[in-house]
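Undergrad: Pasting a structure here, questions to come.
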Amino acid sequence: MPNRQLTRSTSNRIIGGVAGGIAAYTGIDSGIIRLIATLLILFTGGAPGIIAYIILWIILPADTGGSTGLDQIIGAFKSGNQNSNPNPNDLR
């Protein structure tokens, strides 16, 4: 049996690729996974399902390179915090 790993899909995604990754891992159609997730979110009041999705997005690596959602968040903060003005005395 091949060594399978649960990852986020980069090709079958609507928001973060979590449902597409779960679909690829389980062999179930991604539309069914999304329908189940939507129903669970609706019947549980929303918060538990949304929090679970966010946690999975943060911890699951992408299927193409292993970067997680947390890596993407950190990268966005690093690129946003880079000072384009190397001289602090230059007040443009």
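The values are calculated or read from the model by the stated rules, or taken from the named source; none is laboratory data. Since we're looking at a predicted model, the values are computed, not measured. Here the Cβ positions follow ideal geometry from the backbone for every residue, glycine too, while neighbour counts run over all protein chains shown.
Undergrad: Those residues that are part of a helix (DSSP H, G or I) and within 19 Å of residue 61 (Cα to Cα), I need them from the range 23-32; list them, please.
TA: At the first step, the residues of the range 23-32 found to be part of a helix (DSSP H, G or I) are 23-26, 30-32.
Answer for the range 23-32, where residues must be part of a helix (DSSP H, G or I) and within 19 Å of residue 61 (Cα to Cα): 23, 24, 25, 26, 30.
Undergrad: Identify, from the list 64, 10, the residue that is outside any helix (DSSP H, G or I), of a type in the set (Ser, Thr, Tyr) and touching a strand residue (DSSP E or B) at 6+ places or on another chain (Cβ under 9 Å).
TA: Details: 64 fails: touching a strand residue (DSSP E or B) at 6+ places or on another chain (Cβ under 9 Å).
That would be 10, the only listed residue that is outside any helix (DSSP H, G or I), of a type in the set (Ser, Thr, Tyr) and touching a strand residue (DSSP E or B) at 6+ places or on another chain (Cβ under 9 Å).
Yes or no, residue by residue, for (1) in a helix (DSSP H, G or I); (2) out of contact with any Lys or Arg (no Cβ under 8 Å at 6 or more places or on another chain); (3) of a type in the set (Phe, Trp, Tyr); (4) farther than 14 Å from residue 61 by Cα:
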site: 5; (1), (2), (3), (4): no, yes, no, no
site: 21; (1), (2), (3), (4): yes, no, no, no
site: 34; (1), (2), (3), (4): yes, yes, no, yes
site: 38; (1), (2), (3), (4): yes, yes, no, yes
site: 41; (1), (2), (3), (4): yes, yes, no, yes
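Undergrad: What pairs come up if the first residue lies in the range 41-66 and is in contact (Cβ under 8 Å) with a residue 40 or more places away in the chain, the second is basic (Lys, Arg), and their beta carbons are under 6 Å apart, counting only those six or more places apart or on different chains?
TA: Sorted first by the residue in the range 41-66, then by its partner, the pairs are 60/8; 62/8.
Undergrad: I would also like to ask the following. Go through (1) surrounded by 14 or more Cβ atoms within 10 Å (Cβ to Cβ); (2) among the hydroxyl-bearing types (Ser, Thr, Tyr); (3) over 16 Å from residue 4 (Cα atoms) one by one and return the number of the condition residue 25 breaks.
TA: (3)
Undergrad: Give me the residue from the range 36-92 that is farther than 20 Å from residue 23 by Cα and among the acidic types (Asp, Glu) and, out of that set, modelled with the highest pLDDT.
TA: 71
Undergrad: Let me spell it out: the conditions are (1) surrounded by fewer than 16 Cβ atoms within 10 Å (Cβ to Cβ); (2) among the polar types (S, T, N, Q); (3) modelled with pLDDT of 90 or more, and residue 30 meets all of them except one. Which number is the exception?
TA: (1)
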